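Every number in this text was worked out from the coordinates using simple rules, so none of it is lab data. All values derive from a computational prediction rather than experimental measurement. Note that we place each Cβ from the backbone using ideal geometry, even for glycine, and neighbour counts take in every protein chain shown.
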Amino acid sequence: MSNQKGSAEQKLSQQALEQIELEAAKYPPENRASTIMAALTIAQDEHNYLSKPLIEEVAQAVGVPVVRAYEVATFYSMYQHKPCGENVIKVCTNISCMLRGSDEIVEHLQSRLGIKFGEVTSDGKVGLQEVECLAACAGAPMLQLNKDYIENLTTESIDKILEGLK
Ligand code: FES
């Protein structure tokens, strides 16, 4: 969970830098670049999203060219580039989820939260995002709430999820 939600000035803490070093230690020194995804995740967990200066700092910490860090940070949907809410709900609308009712799930979520995909509630508590297949098709329709997958969604289970958010 991030501790500086949407902070304007993003800097890696000493603790985050130490965590990155622990990740780097898992690889031979010549493969230190393989730490990049874990390092970006550590940075995002600390700051809620990845600003350009933060991505640059991560690149420096890992020891890769900045462009390599940007490539990774902009390719994967799990990396955020603007404040995305204290809780992030990612709804899969890909084929299996669509065939199993994701349209109704999306409609219910948007109606309950009063926001569309790509938006954050006015209190900053919940962000709603549309994502492609999250590889949990057997549990369709599904969503990801922060780091947890929630499957076999119904409008009733959505209500319970929303009530349980801090
Ligand atoms: S289509 Fe939704 S998880 Fe695969």
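See the values below:
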{"item": "Calculated [θ] (222 nm, deg cm²/dmol) that DSSP helices of n ≥ 4 give over the chain, each run adding -39,500 (n - 2.57)", "result": "-12500 deg cm²/dmol"}
{"item": "Debye intensity ratio in log₁₀ form over the Cα atoms of the chain, taken at each q of 0.13, 0.14, 0.20 Å⁻¹", "result": "-0.68, -0.76, -1.18"}
{"item": "Ser122, Ser111 arranged by Cβ crowding within 10 Å, fewest neighbours leading", "result": "Ser122, Ser111"}
{"item": "The chain - share of DSSP beta bridges that are antiparallel (%, nearest 5)", "result": "55 percent"}
{"item": "Isolated Cys in the chain, by beta carbon distance under 4.7 Å", "result": "Cys84, Cys133, Cys137"}
{"item": "Loop-exposed GluC sites (Glu not before Pro) per DSSP, neighbour cap 15 Cβ within 10 angstrom, longest uninterrupted part of the chain", "result": "10-131"}
